[in-house]
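The structure appears right after this line, and notes come after that.
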Amino acid sequence: MVPALLACVLLAATPPPLGRCAGAAADTEARARWHSVLDALKAGDGAALKQAWAALEEHPCYRLPLAETWRRPSPDDTDVDVFLDWWERGGGDWLASGWANPPNPDFTVVPPDVAKPLTREKAGGLARLLCAADAPKECGRDSAGWELRARTALEPAEGHPGDEAMKQAEEVCGAVAAKAKRDEKYRAWRRCLDEKRPRGALLPLGRLDAPKDGWLVLRGRRGHYHFCDEARAYDLATGAAWVAQSCAGLVLQQGGSVDHDATDAQRGVTVKVGRLPVDALREAAWMTMLVPHVTLNAQPRAWFVRRPPGLTPRWPDDLSTEGLGLGSFWVTSAQTHLAWSWQGNDGLRESGTLTWPNSSNAAEDHADDLWRIAEVSFAEGCAPVRPPAQLVVGGRPGVSGLDARPDSLEGAERRLLEALATHGDGCGKPSAVQKK
């Protein structure tokens with residue numbers, strides 16, 4: 001008798017799975033709570049947002065979408081601008097999919113990721129470029145087009161309606177659902193969508209003005225079998241460009257290893273002086289400085305996925321949520337790491353590294369492209385200004401240990417920086433090759 005009674009108690013304690021909301025009254029109330037959140041966002045009222053969101057979370061129509069993923073902002077630890085940005089990129093559409101009569105009843109909506117704000121505390125040396133919330137519209141105007149171009153570049157290649165890669169993802173997830181147990185079909189399908197969702201990268205939120213003064217110094221190796229170790233100093237005010245190079249070709253031994261001594265014996269130092277288009281230079285520097293603050297493997301927009309025929313949205317009411325999906329990355333032996341530094345009259349402002357000539361990091365890849373665009377327009381000739389007598393650099397360039405010894409790289413960099421400091425007045429021809 002006791003086992004039977006215990007079984008009945010356990011059965012009664014097991015809640016039914018979450019499903020789609022139903023009923024006109026529920027739909028009307030769900031829409032009203034959705035609009036309350038939107039009104040608070042538009043008004044920029046954090047207190048009202050917190051209250052409206054709490055009411056929304058309590059409504060039964062939102063239990064299913066809220067169970068499907070944790071990738072959503074919280075009014076407790078997210079400012080209103082961050083919440084509004086997420087909402088406008090499809091977060092609001094995701095929530096509306098929980099209505100009894102949703103706008104797209106045959107679709108499940110996978111919400112976008114939340115962007116991170118760039119605050120003065122996190123910006124480091126870039127804080128001088130960060131526009132305050134009440135700053136005049138002129139702040140950040142010069143970089144507005146750069147931001148638009150960057151957002152486009154960071155978007156994933158897939159994810160647009162009718163995109164072939166997303167069609168394949170839908171087919172794969174449909175097959176996963178078909179193999180799952182009856183009560184697990186929807187959750188298996190939904191978990192698969194989170195793994196296959198289109199990912200790119202998200203710029204941080206906040207207006208960052210164009211860098212218009214100081215020197216941007218790039219140091220490191222470009223090229224692989226034929227390469228140049230370089231130190232490039234660019235004046236962000238005028239476009240003045242000073243480029244010191246130490247070039248050679250890898251001397252390979254039998255078996256494929258590098259003969260470092262024979263490789264270094266080819267080296268010489270040359271210096272070229274001229275100018276870059278100042279707007280292209282500033283955009284490349286602006287993006288390079290933003291790279292460390294970009295959110296990687298992020299979904300920029302909501303993804304609308306048509307459910308397979310007969311698949312009913314239902315979720316075990318076990319308080320579990322989905323949303324964990326890992327991105328991917330790749331490297332090649334031909335990649336190097338350029339060190340960059342931003343120096344002003346007040347000394348070193350910021351520094352970092354940049355993978356060259358391409359990267360699985362979409363932000364680095366865009367910065368690489370912008371440097372190629374700026375540098376291809378290098379015009380040799382007189383430079384309006386010369387670099388500071390003492391270049392204050394930060395970070396360390398990186399090269400595969402198979403291709404170069406640390407002492408060789410350090411020696412080459414020292415000679416390159418010395419060559420920049422001692423090279424004429426910037427109006428002569430490239431200096432003669434200086435042997436080691």
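The values are calculated or read from the model by the stated rules, or taken from the named source; none is laboratory data. Treat the numbers as computed from the prediction; the structure is a model and nothing was measured. Please note: Cβ atoms are built from the backbone with ideal geometry, for glycine as well, and neighbour counts cover all protein chains shown. For accessibility, only protein heavy atoms count, side chains too; no ligands or nucleic acids. Shrake-Rupley method; radii C 1.70, N 1.55, O 1.52, S 1.80 Å.
Before we move on, is residue 383 in a loop (DSSP other than H, G, I, E, B), open to solvent by less than 30 Å² (accessible area, probe 1.4 Å) and closer than 28 Å to residue 258 by Cα?
Answer is no for this residue.
Show the residue pairs meeting these rules: Cβ distance below 6 Å; 6+ apart or different chains; first residue within the range 57-81 and open to solvent by less than 20 Å² (accessible area, probe 1.4 Å); second residue in a helix (DSSP H, G or I) and of a type in the set (Lys, Arg).
Pairs that qualify, where the first residue is open to solvent by less than 20 Å² (accessible area, probe 1.4 Å) and the partner is in a helix (DSSP H, G or I) and of a type in the set (Lys, Arg), are 59/33; 68/190.
Would you call residue 205 closer than 26 Å to residue 412 by Cβ, among the aliphatic types (A, V, I, L, M) and within 23 Å of the chain's Cα centre (by Cα)?
So residue 205 does not fit the description; no.
Kindly indicate the residue of the range 340-365 that is open to solvent by less than 10 Å² (accessible area, probe 1.4 Å) and within 19 Å of the chain's Cα centre (by Cα) and also farthest from residue 156 (Cα to Cα) among those meeting that condition.
340
With the requirement that a residue be open to solvent by less than 20 Å² (accessible area, probe 1.4 Å) and part of a loop (DSSP other than H, G, I, E, B), what does the range 173-216 give you?
Hits for the range 173-216 are 197, 198, 203, 204, 210, 211, 214.
For residue 280, all conditions in the list (1) open to solvent by less than 20 Å² (accessible area, probe 1.4 Å); (2) touching a residue at least 24 places away in the same chain (Cβ under 8 Å) hold save one; what is the number of the exception?
(1)
Of the conditions (1) open to solvent by 20 Å² or more (accessible area, probe 1.4 Å); (2) under 18 Å from residue 356 (Cβ atoms), residue 309 clears all except one; give me its number.
(2)
Would you be able to say whether some residue in the range 92-114 is out of contact with any Lys or Arg (no Cβ under 6 Å at 6 or more places or on another chain), open to solvent by 30 Å² or more (accessible area, probe 1.4 Å) and among the small types (Gly, Ala, Ser)?
Yes, some residue in the range 92-114 is out of contact with any Lys or Arg (no Cβ under 6 Å at 6 or more places or on another chain), open to solvent by 30 Å² or more (accessible area, probe 1.4 Å) and among the small types (Gly, Ala, Ser).
For residue 165, indicate whether it is in a loop (DSSP other than H, G, I, E, B) and either modelled with pLDDT of 90 or more or within 19 Å of residue 297 (Cβ to Cβ) (or both).
When the stated conditions are applied, residue 165 does not pass them.
Does the range 125-147 contain any residue that is hydrophobic (A, V, I, L, M, F, W, C), assigned to a helix (DSSP H, G or I) and surrounded by fewer than 20 Cβ atoms within 10 Å (Cβ to Cβ)?
yes
Of everything in the range 394-416, what is touching a helix residue (DSSP H, G or I) at 6+ places or on another chain (Cβ under 7 Å) and basic (Lys, Arg)? Give them in sequence order.
Scanning the range 394-416 gives a single hit, 405.
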